[in-house]
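Structure first, then comments.
The values are calculated or read from the model by the stated rules, or taken from the named source; none is laboratory data. Predicted model only: the values in this text are computed from it and were never measured. Heads up, the Cβs are rebuilt from the backbone with ideal geometry, glycines too, and the neighbour counts pull from every protein chain shown. Accessible surface areas use protein heavy atoms only, side chains included; no ligands, DNA or RNA. Shrake-Rupley method; radii C 1.70, N 1.55, O 1.52, S 1.80 Å.
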Amino acid sequence: MSLKSTKEQLINLLKDKDNKVLALSGKWGTGKTYMWDEVRKASEDVTDKNALYVSLFGLTTIDQVKIKLIQSAAPTINSATLETIKQGLKTLVKVSEGFHKSLAALGDAPLLIAPAILREKLIVLDDIERKHEKLHIGEILGFIDEFTQKHSCRFVLIFNIDELDTRDIWDRLREKVVDQELRLNTTSAESFGIAALPTPPTYAKQISNAVEICE
């Protein structure tokens, strides 16, 4: 679908809260991330506007993904949520000390509070195909499944499906996790429109016509 029609459909799919996981695929350079950012900025839904974004480019573990999402969420954490997290950590420290003294340090504290911080958030996972080979696609989908089922999260997945190194596994698992999938095929005219935004050229119309003819 073109950028315009894909954008309209994504907006409609986000409005339906029963769609827990949306997948947006397309070739590199077609404007997937650009389109998502436009949808987010224009949305009147607070959850969409405050969506947590992380690029998986080069990430090797799900723990790294969670930590980056927590960092993304930090500016939006209100005092009530912060107090709940503090109380939860205090309780966890006491319980942990009962098992083993070394657990009192709680070096994994950021990961332990991830469910509380990420709960009911819209999470955008971008550049899935650029993840490190150590991060298995099955782990990503397991994380998505856990946080949709247990923590009421919703997800938008952005990737170039043609570049996934484990396409067969994705094809099997997406049936269990993904509710709706969109394929972006940006037209030549739309691509030129995006490229020309920062500094519109004098002969924009003529260039656009030429770009469209030459595809």
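Tabulated results
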{"read-out": "So Ile140, is it open to solvent by less than 90 Å² (accessible area, probe 1.4 Å), in a helix (DSSP H, G or I), in contact with a Phe, Trp or Tyr (Cβ under 7 Å, 6 or more places away or on another chain) and within 19 Å of Ser25 (Cβ to Cβ)", "value": "no"}
{"read-out": "The lone exception for Lys134 - which of (1) buried (at least 17 other Cβ atoms within 10 Å of the Cβ); (2) over 30 Å from Glu212 (Cα atoms); (3) in contact (Cβ under 8 Å) with a residue 40 or more places away in the chain it fails", "value": "(1)"}
{"read-out": "Qualifying residue in region 158-180 (condition: in a loop (DSSP other than H, G, I, E, B), modelled with pLDDT of 85 or more and open to solvent by 30 Å² or more (accessible area, probe 1.4 Å))", "value": "yes"}
{"read-out": "Per-region count, region 98-137, residues part of a helix (DSSP H, G or I) and at pLDDT below 90", "value": "16"}
{"read-out": "Among residues of region 143-157, those that are polar (S, T, N, Q), assigned to a helix (DSSP H, G or I) and touching a Lys or Arg at 6+ places or on another chain (Cβ under 8 Å), counted", "value": "1"}
{"read-out": "Subset of region 181-209 [over 29 Å from Leu14 (Cβ atoms), open to solvent by less than 50 Å² (accessible area, probe 1.4 Å) and either touching a Leu at 6+ places or on another chain (Cβ under 6 Å) or part of a helix (DSSP H, G or I) (or both)]", "value": "Ala204, Ser208"}
{"read-out": "Close pairs from region 163-189: first closer than 18 Å to Thr33 by Cβ, partner modelled with pLDDT under 80 and assigned to a loop (DSSP other than H, G, I, E, B), Cβ under 9 Å, at least 6 apart", "value": "Leu182/Met1; Arg183/Met1; Leu184/Met1; Asn185/Met1"}
